[in-house]
Amino acid sequence: MDNQIDFFQWLESDMALKILTCLDDSADLIRASAVSHYWQNFVISNGLNKQLCLKRFPQLTSITHDPSSGDVAYAALFQAVTKFPQSYCIADPVSASSTDNYPEESILNTLDPRDKIRQRDYSYWSSKGSDDPEKPETLIYNLSANFCVISEIYLHPFQALFQIDSPIYSSKYVRFRMGHPRSLNEINHDFMESQECADDKFIWTYTSQIFPMAQENRLQKFKLPEPVICIGGFLQIELLGRVQKQAADGKYYICVAHVQAIGRKLSPAFCVEVCEESKGVALRYDGGEFEVMMQRVSSGDGGSLSTSLLPVQPPRQLAWGNLQDFLHMVQAPPQDGGWYEWVVDDGDDDEVEEEEEEVDMDGDDEIDPAFLI
């Protein structure tokens, strides 16, 4: 080794920088840093890991104050966004631009993956009705960490099986935004209870493309072209265009049964702090927490993504899986004088007749669960 030379020291700085910027993985830069003290100092002093992160995640340009560890923190961040375990990232609802019947049709219902069929107790959010089919709606959620990376978002339009023809109240398109509050004091407010829209309380550092939404009763996945780092921990879902009128009032509605976002929580190894006075955003890094998480990942203790927070397929249909619910409903003490209402379809045409029948609690009458509302 005494007779070896470090060719990097013989190169102009611009040429050495051009060579190393060809590396597109932080792990390669880390290996390059291990070659010698000169290479390590060159990588750190030129902030090559930060440049790589900014290239991959342009949302990081809103960071105005870097961690004290500098480029080392960005090298760890690049590993975290690909190696930390995936998880469900929505914690709480914040606001809806409108709600038809609060709290029965609150945005809070969209975080419950269960399908409630008993006594027409469906779980969904509904907008107010509008004569304008182009009027948008927004839903805002607080994520489980104020610094996380989101890769895909799930939405389930609601089908009103209790209405004639079982209409599906989806939107035409959907768009996503992520960002942080303008002021922590401004969001320290119950927007759901006051029925206020919180759209103007946030600075959105990311806006997605517009995705088409199918008018279908199923869980629909919207995969972002590239994983997105959410700086501040808030997600806005913008529902664009209305496709379904309600027969009762002739107005257009949008209804959502379920929402979920999948990504990687980067805290407590990383977090951001928003300075309201300077309007700056500071990135904080805890090397000890990062090492703990990486050890868990290496040992296979990162955990797997459970499906318990996503509705099963096919959702919201009366089927054999709902038999226990049906039996419980029939065997329960009758309400309102022992009368139940269901729809009878004669099978010859699309006309639906509604009629009332008295339920035989002794079990002599045969009831088809497919027609019970």
Could you check the spin-label model distance between GLN220 and GLU193? Points 7 Å from the Cα along Cα→Cβ, value in nm. 3.4 nm
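In the structure displayed, which of LYS83/LYS221; LYS135/LYS265; LYS128/LYS221; LYS55/LYS265; LYS221/LYS265; LYS18/LYS221 lie more than 31 Å apart, Cα to Cα? Present the calculation step by step, with values, prior to reporting the outcome.
Numbers: LYS83/LYS221 22 Å; LYS135/LYS265 34 Å; LYS128/LYS221 25 Å; LYS55/LYS265 21 Å; LYS221/LYS265 20 Å; LYS18/LYS221 39 Å.
Check vs 31 Å cut-off fails for LYS135/LYS265; LYS18/LYS221.
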If you average the alpha carbon positions of the range 234-270 and of the range 165-223, how far apart do those two centres end up, in angstrom? 5 Å
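Would you rank CYS22, CYS230 by solvent-accessible area, highest first, keeping every protein chain in place and using a 1.4 Å probe?
Ranked list, largest accessible area first: CYS22, CYS230.
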What does the extension gain come out to for SER13 and GLU134, with contour length at 0.36 nm per residue minus their alpha carbon separation? 38.0 nm
Tell me, in nm to one decimal, what length is gained between ILE210 and LYS55 on full extension, where the rule is 0.36 nm per residue of separation less the Cα-Cα distance? 53.5 nm
Cα lying deepest toward the dipole's positive end in the range 225-282, options PHE270, LEU235, GLY280, charges on Cβ: LEU235
Extended-chain gain in nm, criterion 0.36 nm per residue less alpha-carbon gap, SER68 and LEU108: 10.5 nm
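The values are calculated or read from the model by the stated rules, or taken from the named source; none is laboratory data. Note that the structure is predicted; figures quoted are calculated from it, not measured. For neighbour counting, all protein chains shown are included, and Cβ atoms are generated from backbone atoms with ideal geometry for every residue, glycine included. The area values use the complete protein model at the heavy-atom level, side chains included, leaving out ligands, DNA and RNA. Shrake-Rupley method; radii C 1.70, N 1.55, O 1.52, S 1.80 Å.
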